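To start, the structure under review is shown below, and the notes come after it.
Read the figures in this text as sums done on the coordinates, not as results from a lab. These figures come from a predicted structure and were not determined experimentally.
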Amino acid sequence: MHESNTYAILDGVPRNENDWMRDVHERFIPNIDSSGECWLWTSATNDDGYGLIRVGGKEVLAHRFAWNIVHGPIPVDRLVLHTCAKRGEGNRNRACVRIAHLYLGTPAQNLSDAVQSGRVAKETIDRWRNRR
């Protein structure tokens, strides 16, 4: 089990290490297009363009799954953010699962990144903050 202040994608999923690695090699890696700078998830996506993978009967965001594979559980007060979105490449990189393009950040950092990349207008953020 993990500390209560982290979110482990694999919590409650009964599996041994061989099953886990087979899933990674058979279900995760083949669905990555690594031909460009971003490694794009090519399987299912949600309405916002984030990759989805089913793990233990639940859908998980593919970039969070990638982070969890390499770094382990994600703290509950953190998001897995994309550095590639900061380079102005827009929403298409929501499907990026390349670990070098991911980092842990806060919700405030996520909003700041969205404004910097032009995905969300600063005025929209200001209106949202003023409603609270």
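Proximity of backbone amide H atoms, modeled 1.01 Å from N, is registered between THR45 and LEU52 at under 5 Å, excluding neighbours fewer than 5 places apart on the same chain. Proximity of backbone amide H atoms, modeled 1.01 Å from N, is registered between ARG98 and TRP39 at under 5 Å, excluding neighbours fewer than 5 places apart on the same chain. Residue-wise HN-Hα couplings along segment 53-62, as the Karplus relation 6.51 cos²θ - 1.76 cosθ + 1.60 with θ = phi - 60° gives them from phi, are 9, 8, 10, x, x, 10, 7, 10, 5, 4 Hz; Gly and Pro carry x. Rounded to the nearest whole Hz, the Karplus-based 3J(HN,Hα) values (6.51 cos²θ - 1.76 cosθ + 1.60, θ = phi - 60°) of segment 37-48 follow the sequence 5, 8, 9, 8, 6, 10, 9, 4, 10, 8, 5, 8, with x at glycine and proline.
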